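Undergrad: My questions will all concern the structure given below.
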Amino acid sequence: MAAVLQADIVAAEVSFDEYMEKYAAEFCEWFDGVVVKMSPVSDVHNIITLFLINFFSTYFELRPIGLLRQVPFVLKITPDGPAREPDLQIILNEHAEWVKPTRVEGKADIVIEVVSEESTERDYGQKFVEYEAGGIPEYWIVDPLRHETRFYRLSGEGRYASQMLNASGEYETPLLPGLHVPVNWLWQPTPPGPIAIAQYMQAWLV
């Protein structure tokens, strides 16, 4: 709990069921019985998150192989582990049974965190360790503070290996066939909207 400021703690000695009932909808996470309030996001964080929601929603409409869930939807990887609220979670259809009415119980296939000032240590450190240990196949960190993206894929040894962009500056993953993530779009003051995204994707998905 070293990364948690006292001011962020909402309640202690809270059971998981009590957290789900009273706190999960309020943008809080649960760790070792402690409920921690997430700070309000910045405008740029909100812009990037909305773009990613549009981007993946378009992809899954054109190629319906998975589900997208966004904060404050809970991720509970293991029964005795923490409850996190990633900015975005992607769950492939073959793991759709993990998606419950209020949470994902199991390993989301891809977890994406958009970094804020207050979440830097947590996203790069604590959550990295948790998601790796929990067997999350891919962890993406989108950092608007540094205009930096990091894409990690679980290796055969159960460790995250950093992935490179392709020659066009896009990220591709075998989990989402045909998807090309144009990283430079993330840093535009106004990223492309749903129509531009659909036109971009139709060029190589159809």
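The values are calculated or read from the model by the stated rules, or taken from the named source; none is laboratory data. Quick caveat, the model's predicted, so the values are computed rather than measured. Reconstructed Cβ throughout: ideal geometry from the backbone, glycine too, with neighbour counts over all protein chains shown. In case anyone asks, the SASA skips ligands and DNA or RNA and just uses the protein heavy atoms, side chains included. Shrake-Rupley method; radii C 1.70, N 1.55, O 1.52, S 1.80 Å.
Undergrad: So what are the ³J(HN,Hα) numbers for the range 67-84, from phi and the Karplus equation (6.51, -1.76, 1.60; θ = phi - 60°), rounded to whole Hz, Gly and Pro as x?
TA: 10, 10, 10, 10, 3, x, 6, 7, 10, 10, 5, 10, x, 9, x, x, 10, 10
Undergrad: With the crude spin-label approximation of a point 7 Å out along Cα→Cβ, what separation in nm comes out for ALA11 versus ALA25?
TA: Going from the ALA11 label point to the ALA25 one covers 1.4 nm.
Undergrad: What percent antiparallel are the DSSP beta bridges of the chain, to the nearest 5?
TA: Counting DSSP beta bridges with both partners in the chain, the antiparallel share is about 80 percent.
Undergrad: Right, next: Might you tell me the accessible area per residue for the range 88-185, computed with a 1.4 Å probe and given in Å²?
TA: Numbers: 4290 Å² over 98 residues.
Ligands and nucleic acids excluded, the result is 44 Å² per residue.
Undergrad: Simple spin-label model, 7 Å along Cα-to-Cβ: GLN70 to LEU175 in nm?
TA: Those two pseudo-labels are separated by 1.9 nm.
Undergrad: Going by Cα centres, the range 25-41 and the range 64-138 are how many Å apart?
TA: Their Cα centres are 14 Å away from one another.
Undergrad: Nearest 10 degrees is fine. How inclined is helix 43-62 to the longest principal axis of the chain, computing both from alpha carbons?
TA: 60
Undergrad: I've got another one for you. Using the scaling law 2.2 N^0.38 Å as the reference, what is the normalised Cα Rg of the range 104-174? It would help to have the intermediate numbers written out before the result.
TA: Values: Rg = 12.2 Å, N = 71, 2.2 N^0.38 = 11.1 Å.
The reported ratio for this selection is 1.10.
Undergrad: Testing the spin-label approximation: label points 7 Å from Cα along Cα→Cβ at GLU148 and HIS95. State their distance in nm.
TA: 2.6
Undergrad: Please report, in debye to the nearest 20, how large the charge dipole of the range 68-142 is about its Cα centre when each Lys and Arg carries +1 at its beta carbon and each Asp and Glu carries -1 there. If you can, show how the numbers build up before the last one.
TA: Numbers: 8 positive and 15 negative charges, 56 e Å.
Computed charge dipole of the range 68-142: roughly 260 debye.
Undergrad: Can you give me the % of accessible surface on the range 68-124 that is carbon or sulfur? Probe 1.4 Å, all protein chains present, nothing else counted. Spell out each step's value before the answer.
TA: Numbers: 1130 of 2240 Å².
With neighbouring chains kept in place, the figure for the range 68-124 is 51 percent.
Undergrad: Can you compute the charge dipole magnitude of the chain about its Cα centre, using +1 on each Lys and Arg Cβ and -1 on each Asp and Glu Cβ, nothing else charged? Give it in debye, rounded to the nearest 20. If you can, show how the numbers build up before the last one.
TA: Numbers: 15 positive and 30 negative charges, 105 e Å.
About 500 debye.
Undergrad: Further question on the same structure: Give the label of the value calculated from the structure for Rg/Rh (Cα atoms, Kirkwood Rh), choosing from (i) 1.08; (ii) 1.01; (iii) 0.95.
TA: For Rg/Rh (Cα atoms, Kirkwood Rh), the calculated option is (iii).
Undergrad: In addition: Order these peptides, 10-18, 35-43, by their mean beta-carbon neighbour count within 10 angstrom, highest first.
TA: Details: 10-18: 13.2, 35-43: 15.4.
Taking the mean over residues of other Cβ atoms within 10 Å, the ranking is 35-43, 10-18.
Undergrad: Further, regarding this structure: Output ³J(HN,Hα) for the range 24-35: one whole-Hz value per residue in order, computed from phi by the Karplus curve 6.51 cos²θ - 1.76 cosθ + 1.60 with θ = phi - 60°, and x for Gly and Pro.
TA: Using θ = phi - 60°, the values come out as 4, 6, 9, 6, 10, 10, 10, 8, 6, x, 10, 9 Hz.
Undergrad: If each DSSP helix of 4+ residues adds -39,500 (n - 2.57) and the sum is divided by the residues in the chain, what number results at 222 nm, nearest 500 deg cm²/dmol?
TA: Working: 4 runs with 46 residues, N = 206.
So the calculated ellipticity at 222 nm is -7000 deg cm²/dmol.
Undergrad: In degrees from 0 to 90, rounded to the nearest 10, what is the angle of the helix 194-205 Cα long axis to the longest principal axis of the chain?
TA: Tilt relative to the chain: about 60 degrees.
Undergrad: List the residues, sorted by chain then number, that are 5 or more residues from VAL10 or on another chain and whose placed amide H is less than 5 Å from its amide H.
TA: Excluding prolines and chain starts, which carry no amide H, the hits are VAL35, VAL36, LYS37.
Undergrad: Test of understanding: what is the full-extension gain from TYR124 to GLN202, defined as 0.36 nm times their sequence separation minus their Cα-Cα distance?
TA: Details: separation 78, 0.36 × 78 = 28.08 nm, distance 3.36 nm.
Using 0.36 nm per residue and subtracting the Cα-Cα distance, I get 24.7 nm.
Undergrad: For the range 31-133, list log₁₀ I(q)/I(0) at each q in 0.12, 0.19, 0.23 Å⁻¹, using the Debye formula over Cα point scatterers of equal strength and ignoring solvent, two decimals each.
TA: -0.40, -1.02, -1.39
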